[in-house]
Amino acid sequence: MLGIIGAMDEEVAKIKEQMQDVKIRTRASMDFYEGGLNGHSVVVVRSGIGKVNAAMCTQILVDEYQVRAIINTGIAGSLNADINIGDIVLSTDALEHDMDAVAFGYPVGQIPRMDTLSFEADPELRRLAKEACEEVNPDVTVFEGRVVSGDQFVSDKAKKEWLVEQFAGYCTEMEGAAIAHAAYLNQIPFLIIRAISDKADDSASVDYPAFEAKAIEHSVKLLLELCKRL
Ligand code: ADE
């Protein structure tokens with residue numbers, strides 16, 4: 001069983017439409033859609049926005065559905081001038097950019113008393129997702145890099161520059177690293193697939209609504225093709 005998490009209704013609606021034999025269960029105010037997707041057994045769920053929702057959702061997928069891997073699909077702000085609106089970022093790793101225990105000697109982003117700064121995505125899922133994307137989104141460039149997550153919609157040039165300097169992130173969003181963190185604690189492979197909706201700078205709040213739908217289309221197409229290949 002594969003767990004698929006999107007933060008918002010818009011991000012999971014198109015995936016749910018493609019599912020067969022759906023059974024719905026509600027836990028922690030989240031609706032879990034269990035069924036078939038392109039020949040694969042999946043559970044699709046809208047977690048809600050932010051790190052706490054995402055982490056709780058991941059744990060429920062592990063405890064109630066014994067998922068063997070988790071994919072987080074959705075949209076993100078670009079942190080790299082080469083990565084344009086509509087392009088896709090696959091996570092190499094993910095970290096929480098708003099974790100700060102610098103006062104105790106930890107690098108910013110590192111969770112105190114954990115043995116890692118960032119959480120590594122599964123290389124095999126990454127490879128398959130890259131192949132799938134090149135097949136179904138030939139006009140879109142796929143990048144592989146670090147996803148930095150925080151409970152903040154980044155729409156400020158100075159904050160964006162700080163994220164790039166501190167973490168060399170490729171994109172920023174609000175759930176991926178929390179899912180990665182929960183997957184790490186449960187020793188479950190994960191991958192974050194994000195299509196770029198904005199540049200996480202002063203134009204972000206204008207670009208985001210304009211490009212949200214297109215970006216979601218790219219990430220959903222990729223996910224459907226990935227399911228075929230798993
Ligand atoms: N999701 C999409 N764009 C984002 C941004 N700029 N910051 C945080 N999350 C996002």
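The values are calculated or read from the model by the stated rules, or taken from the named source; none is laboratory data. Nothing here was measured: the structure is a model prediction, and the numbers come from that model. Cβ sites come from the backbone with ideal geometry, for glycine too, and all protein chains shown count toward neighbours. For the accessible areas, the whole protein counts, side chains as well, though only heavy atoms, and no ligand, DNA or RNA atoms are used. Shrake-Rupley method; radii C 1.70, N 1.55, O 1.52, S 1.80 Å.
Structural remarks
- Separation of alpha-carbon centers, region 13-78 and region 155-230, rounded to whole Å: 17 Å
- What the chain shows is 43 Å² of accessible area per residue, with the surface traced by a 1.4 Å probe over protein heavy atoms.
- Pairs of lysine residues in the chain - Cα separation under 15 Å, sequence separation of 8 or more or cross-chain: 9
- Amide H contacts of Ile193 (H built 1.01 Å from N, under 5 Å, at least 5 apart or other chain): Asn72, Thr73, Gly74
- Kirkwood-Stokes translational diffusion coefficient of the chain, alpha-carbon pairs, 10 °C, 1.306 mPa s, µm²/s: 92 µm²/s
- Whole-Hz Karplus values for region 169-174 come out as x, 8, 8, 10, 7, 10 Hz, taken residue by residue from phi with 6.51 cos²θ - 1.76 cosθ + 1.60 and θ = phi - 60°; glycine and proline positions read x.
- Taking the square roots of 5 times each eigenvalue of the Cα gyration tensor of region 178-230, largest first, gives ellipsoid semi-axes of 26, 18, 6 Å.
- Extension gain, Ala81 back to Ala210 (0.36 nm per residue minus Cα-Cα distance, nm): 44.5 nm
- Sequence ranges 144-155, 22-33, ranked by mean other-Cβ count within 10 angstrom, highest first: 144-155, 22-33
- Simple spin-label estimate for Ala158 and Ala28 in nanometres, 7 Å along Cα-Cβ: 3.5 nm
- Three-way shape call for region 131-190 based on the alpha-carbon gyration tensor, with the a/c threshold at 1.5: oblate
- Evaluated over the Cα positions of region 55-105, the convex hull gives a direction-averaged projected area, one quarter of its surface, of 6.0 nm².
- Global geometry of region 60-179, whether rounded, prolate or oblate, following the gyration tensor of its Cα atoms and the 1.5 cut on a/c: oblate
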